[in-house]
Amino acid sequence: MSEDYKKTDLQGLNEEFLHIDPLEEAYREFMHDDAALRRSLAQHHTALLVIDLQFLDAAPGHGVFADAARSGVPIEAQEYYFKRLDHVVLPNVRRLQDTFRERKLEVIHTRIQSLTQGGRDRSPGHKRLNLHAAPGSKEAEFLPEVAPKGDELVINKTASGVFNATNIEYILRNMGINALFVCGVYTNECVSTTVRDASDRGFYTTLINDACATVTPELHNATLATIRDRYARVLTTDEAVSEIKKAVAR
């Protein structure tokens, strides 16, 4: 029984109904417009959006994790995060990238990078957190396993949400993109903000569960529970790849 339920003003309520989402079916019907999603894929109006897979926040010994003991993230959480990245997320992101590339679908990358070497243009939030990746720095480099290829778009930002901090919506509209498959880090921060903002702007949005990571499984799962069928479909990489291959010819 939850602590809230034990409070005097909640006594007498049927606890069973406190754990049911009454709007789940209505939202799922909206999120799973299969015909529109297949049409978007077939017409090349869907893009893969890869969030912040760079040395600043996704590589041990660099950026946020340059000093593991002073990072603010417990060592055990770091071990979990990097194992999930290495063994699950990065291989799955690469599979998604390869699938999109094979079918001539757009692959778009975001990263945290300032406009200036000193970072005076950063958002107040990034200044408070001391998050900074200068142009040309190691922190701004993408992880080689999932780095951009050819003339794939790279969107630089200095805030959690790419829609709030950049002109990405303008770019997507120019390219006729109306649906996004989203992956990257952190699930509960930049990924979550981007998914919510994309949904609010009318994009069909799909979050790839096993192509995202954050520092604890609890944070990851809680974020998915909040996003699923409210702001995005949530699929596995296998499900996403299968859907794309069925909908889009090479």
Next on the checklist: Would you confirm, using the coordinates I've provided, whether Phe163 is within 19 Å of Phe55 (Cα to Cα), of a type in the set (Phe, Trp, Tyr) and surrounded by fewer than 22 Cβ atoms within 10 Å (Cβ to Cβ)?
Outcome noted: no
Item to check | Restricting the stretch 63-86 to residues that are loosely packed, with under 12 Cβ neighbours inside 10 Å and of a type in the set (A, V, I, L, M, F, W, C), the residue that is modelled with the highest pLDDT | outcome: Ile75
Checklist entry - Considering the stretch 126-141 alone, what residues qualify as being over 15 Å from Ala159 (Cβ atoms), surrounded by fewer than 12 Cβ atoms within 10 Å (Cβ to Cβ) and of a type in the set (D, E, K, R)? => result none
Next on the checklist: Being without any contact (Cβ under 8 Å) to a residue 12 or more places away in the chain and either among the aliphatic types (A, V, I, L, M) or more than 22 Å from Pro144 (Cα to Cα) (or both) is the filter here; which residues of the stretch 52-66 pass it?
Outcome noted: Ala66
Checklist outcome for this item: Looking across the stretch 200-250 at residues that are farther than 10 Å from Thr187 by Cβ, touching a strand residue (DSSP E or B) at 6+ places or on another chain (Cβ under 7 Å) and not hydrophobic (A, V, I, L, M, F, W, C), the single one that is surrounded by the fewest Cβ atoms within 10 Å (Cβ to Cβ) is Thr236
Checklist entry - Would you pick out the residues in the stretch 41-85 that are closer than 22 Å to Ser192 by Cβ and out of contact with any helix residue (DSSP H, G or I) (no Cβ under 9 Å at 6 or more places or on another chain)? => result Pro74, Ala77, Lys83
Checklist entry - Got a sec? Which of Ala225, Ala211, Ala179 is within 11 Å of the chain's Cα centre (by Cα) and of a type outside the set (Phe, Trp, Tyr)? => result Ala211
Next on the checklist: Yes or no: the stretch 122-131 includes at least one residue that is of a type outside the set (A, V, I, L, M) and under 30 Å from Ala249 (Cβ atoms).
Outcome noted: no
Item to check | Matching residues, the stretch 122-141, being under 22 Å from the mean Cα position of the chain (by Cα), under 11 Å from His62 (Cβ atoms) and among the small types (Gly, Ala, Ser) | outcome: Ala133, Ala140
Checklist entry - Quick one: how many residues across the stretch 68-116 are more than 18 Å from Ala147 (Cα to Cα), without any contact (Cβ under 8 Å) to a residue 12 or more places away in the chain and not in a loop (DSSP other than H, G, I, E, B)? => result 7
Checklist entry - Out of Asp200, Asp238, which single residue is among the acidic types (Asp, Glu) and closer than 28 Å to Glu79 by Cβ? => result Asp238
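The values are calculated or read from the model by the stated rules, or taken from the named source; none is laboratory data. As the structure is a computational prediction, the values presented were derived from the model and not from experiment. All Cβ positions, glycine included, derive from the backbone under ideal geometry; neighbour counts span all protein chains shown.
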